[in-house]
Structures are given as C-alpha cells and as structure tokens.
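Okay, so here's the structure we're looking at.
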Amino acid sequence: MIAGVPRVGVVTFPGSLDDRDALRAVATMGGEPVALWHADHDLHGVDAVVLPGGFSYGDYLRAGALAARAPLMQEIRAFAGRGAPVLGICNGFQILCEAELLPGALIRNASLRFICREVTLRVETGQTAVTRGLEPGETLRIPIKHGEGQWVATPEQLARVEDEGLVAFRYCSNAGIVDDASNPNGATHNIAGVRNEAGNVVGLMPHPEHAVDPDVGPLGGQALFASLLESAMAGARA
C-alpha cells in the first residue's frame, strides 16, 4: 500500500485478456494497481474496481452472463452500493449489464463482424466517476475491439436512460456530431457507454486502457483514468 495513492483493483476472470493492460494503465496514470481474482470474496481494501475486457468464460452462454455470477461479483455489488467507483470496459460493460448494475444489454454488432479500430466518443455528462474532470461535448479518441458491442434496451429502459441523463458516452464524428456514419456497431442512439443513477458505476465498450500511452496510440483514455483515480481518492478520504 502506497500512502496517498488510490488502490484500483482489476478483476481477472477466466478468459480475461485486457486485465494486464488495465493494471498497467492504472500504474501509468499514478494509481496502485491491485490484481483481483474472480473466485475470491475479498476486494483487498481497494478504492475502485475495474472489470476488464476479454471473453470471460469464453462467452459461451452470453457475453458476461457467467462472469456476472462469479463469487467476487457479490462483493462488487456491495462495493458499488456504497457509492464506490466501478468501471466496466467492453466485456466488463457486458458483465455490469448482465449483473443488472447498469441498464440495457450488449448484443452482436449490426454488421455481424468483429470490429477493431479507433473511434471518437462524445462525453455526455461530467457526473460520473470517470468523467468528473470532463465537460459534456468534449470528444475522446479511443480504440474499440468487439463482436458484441451493440447496446440495446427495452423502450422503457431507453426512455429512462435518456430522460435521466444516464448516457455517459456516444459514438460521434471527429467534429463531435452524433450520426449513423459514426456508429460502428449499430448501438441504439449511438450509445457507447452508460452510468447508474449515482454515477459511480460506468460501463463503456471502447478501451481507455489502450489509450494512455503516447508511444502506442491515442490518449483519450488518460482523462478517464485520471477521473477514476480522483474519484477513488475522494472515496478513500470520505
């Protein structure tokens, strides 16, 4: 434990493949990374949790469906219920939706093809654990890589998400315009990420952990991890 440094746990499930990238991103941005195992019942005193990308349990049932019932998710539910920051990235987003910690579901891309490329996101709210340092309308360049990234919802869920401002990010053009041409997977209303009512739980399909190192790509993920660490530190001080 490093005094004055927020501790961020990253959960590894069978089939996770971006857990090490997330741990490295936490360290790169100045946090203390903590590896967590899906079968444990202990969060080891972390201040925030990241559910990383990958193919937990091989996506054999539905993406994220089995991981949502992993033993450690009981602790994460309670952790989130206390207002602590929880970020789900790609498969982690799918897990949070399957666990009903976030609204909606992620289904096959409209193209029925796996997509791997950079996209531009528009920040829709600064009222989340990962956007507290950002303003609505700001854009971020971040990679995506998924086959089941199309966010969908029932009409009732969609109305609530839009009416209550639960959209965290939308796919947009480089100029910040939300249009069909900028939607990589057919997501409803170009929604790339959502939050819970309190704003402490956030999920998004793009991979901010792949966008913190200037030597390997865009830097849109830096602001999200910086906000996550700030939120974690604020919670630790509370």
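The values are calculated or read from the model by the stated rules, or taken from the named source; none is laboratory data. Treat the numbers as computed from the prediction; the structure is a model and nothing was measured. Neighbour counts run over all protein chains shown; Cβ positions are idealised from the backbone, glycine included. Side chains included, ligands, DNA and RNA excluded: accessible areas come from the protein's heavy atoms. Shrake-Rupley method; radii C 1.70, N 1.55, O 1.52, S 1.80 Å.
Is it the case that some residue within the stretch 180-199 is over 27 Å from ALA153 (Cα atoms) and at pLDDT 95 or above? Reasoning before the result, please.
Initially, the stretch 180-199 is screened for residues over 27 Å from ALA153 (Cα atoms), giving none.
No.
Have a look at ASP59, ASP47 and point out the one that is open to solvent by 10 Å² or more (accessible area, probe 1.4 Å), acidic (Asp, Glu) and touching a Lys or Arg at 6+ places or on another chain (Cβ under 9 Å). Walk me through it before giving the result.
Numbers: ASP59 fails: touching a Lys or Arg at 6+ places or on another chain (Cβ under 9 Å).
Result: ASP47 is the single residue among ASP59, ASP47 that is open to solvent by 10 Å² or more (accessible area, probe 1.4 Å), acidic (Asp, Glu) and touching a Lys or Arg at 6+ places or on another chain (Cβ under 9 Å).
Filtering the stretch 124-159 down to residues that are surrounded by 24 or more Cβ atoms within 10 Å (Cβ to Cβ) and β-branched (Val, Ile, Thr), which residue is nearest to GLU197 (Cα to Cα)?
Of everything passing the filter in the stretch 124-159, THR128 is nearest to GLU197 (Cα to Cα).
For the list (1) within 25 Å of ALA192 (Cβ to Cβ); (2) open to solvent by 40 Å² or more (accessible area, probe 1.4 Å); (3) modelled with pLDDT of 95 or more, I need the number of the one condition that GLN74 fails.
(1)
For residues in the stretch 5-23 being part of a helix (DSSP H, G or I) and among the charged types (D, E, K, R), which is least open to solvent (accessible area, probe 1.4 Å)? So that I can check it myself, show each step before the final result.
Keep residues of the stretch 5-23 that are part of a helix (DSSP H, G or I), which gives 19-23.
Still in the running and among the charged types (D, E, K, R): 19-21.
Details: ASP19: 21, ARG20: 190, ASP21: 57 Å².
Residue satisfying both the conditions and the ranking: ASP19.
Can you tell me which residues in the stretch 184-198 are open to solvent by less than 30 Å² (accessible area, probe 1.4 Å) and either among the aromatic types (Phe, Trp, Tyr) or farther than 10 Å from LEU121 by Cα (or both)? Give the derivation first.
Within the stretch 184-198, the subset open to solvent by less than 30 Å² (accessible area, probe 1.4 Å) is 184-185, 187, 190-196.
Across the stretch 184-198, the qualifying residues are PRO184, ASN185, ALA187, VAL194, ARG195, ASN196.
For the stretch 24-41, what are the residues that are outside any strand (DSSP E or B), open to solvent by 40 Å² or more (accessible area, probe 1.4 Å) and either closer than 13 Å to ASN91 by Cβ or free of Cβ contacts under 8 Å to residues at least 60 places away in the same chain (or both)?
ALA27, ALA39, ASP40, HIS41, listed by residue number.
Before we move on, is THR120 farther than 19 Å from GLY54 by Cα, open to solvent by less than 40 Å² (accessible area, probe 1.4 Å) and touching a residue at least 24 places away in the same chain (Cβ under 8 Å)?
Numbers: farther than 19 Å from GLY54 by Cα: yes; open to solvent by less than 40 Å² (accessible area, probe 1.4 Å): yes; touching a residue at least 24 places away in the same chain (Cβ under 8 Å): yes.
Taking the combined requirement at face value, the residue satisfies it.
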